[in-house]
1. Within the set of pairs 6+ apart or on separate chains, which have a first residue in the range 69-95 that is among the small types (Gly, Ala, Ser), a second that is part of a helix (DSSP H, G or I) and surrounded by 18 or more Cβ atoms within 10 Å (Cβ to Cβ), and C-beta atoms under 6 Å apart?
2. Which of the residues belonging to the range 61-78 are in contact with a Lys or Arg (Cβ under 9 Å, 6 or more places away or on another chain) and either more than 16 Å from residue 43 (Cα to Cα) or part of a helix (DSSP H, G or I) (or both)?
3. Filter the range 79-88 down to residues that are surrounded by 13 or more Cβ atoms within 10 Å (Cβ to Cβ) and in a helix (DSSP H, G or I), then give me how many there are.
Amino acid sequence: MRPVRRRNSESIAEEGRGPHLGSHRVDRALARLRKVHRFTDPQSKWLDRTAKRVKIETVVDRASLDAGQFKTDGGFARLNKVFGGKLEALLGELADE
C-alpha cells in the first residue's frame with residue numbers, strides 16, 4: 001500500500017504559498033474522487049474521516065488506519081471492506097492529487 005503523503009507546512013511556506021496549501025490540496029483531491037467514483041453514505045463518511053487525518057498527519061497508511069479511532073472502528077480491514085477491497089487504490093488516487 002502506498003501511503004498518502006502530505007508535504008509539511010514548512011516546505012509549503014518556504015515556497016511562498018502559505019501554510020494551508022496542503023489542506024486545500026486534500027479538499028481538491030477529495031472533490032475529484034467524488035466526481036470520479038460513486039460512494040455510498042458510509043463510504044463518504046469514511047472518506048471525510050480519512051481526509052481529515054491526511055490534513056493532520058504527514059502519512060496516512062495501513063498502520064495509521066490501524067491506530068487510534070480508526071482502530072476502534074475496525075481499522076484498515078473494515079475500511080477496506082467498506083470500499084469493496086479498493087481502499088489502497090483510492091488512497092493512491094488521493095496521494096496522486
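Where a number appears in this text, it was derived from the coordinates with a stated rule and is not lab data. This one's a predicted model, so the numbers in the text were calculated from it and none came from an experiment. Every residue, glycine among them, receives a Cβ derived from its backbone with ideal geometry; neighbour counts consider all protein chains shown.
1. 75/65
2. If the condition is that a residue be in contact with a Lys or Arg (Cβ under 9 Å, 6 or more places away or on another chain) and either more than 16 Å from residue 43 (Cα to Cα) or part of a helix (DSSP H, G or I) (or both), then 61, 64, 65, 68, 69, 70, 75, 76 are the ones that fit.
3. Here is the first cut: in the range 79-88, the residues surrounded by 13 or more Cβ atoms within 10 Å (Cβ to Cβ) are 79-80, 82-83, 86-88.
Retained after the next criterion (residues that are in a helix (DSSP H, G or I)): 79-80, 82, 87-88.
Looking only at that region, the number is 5.
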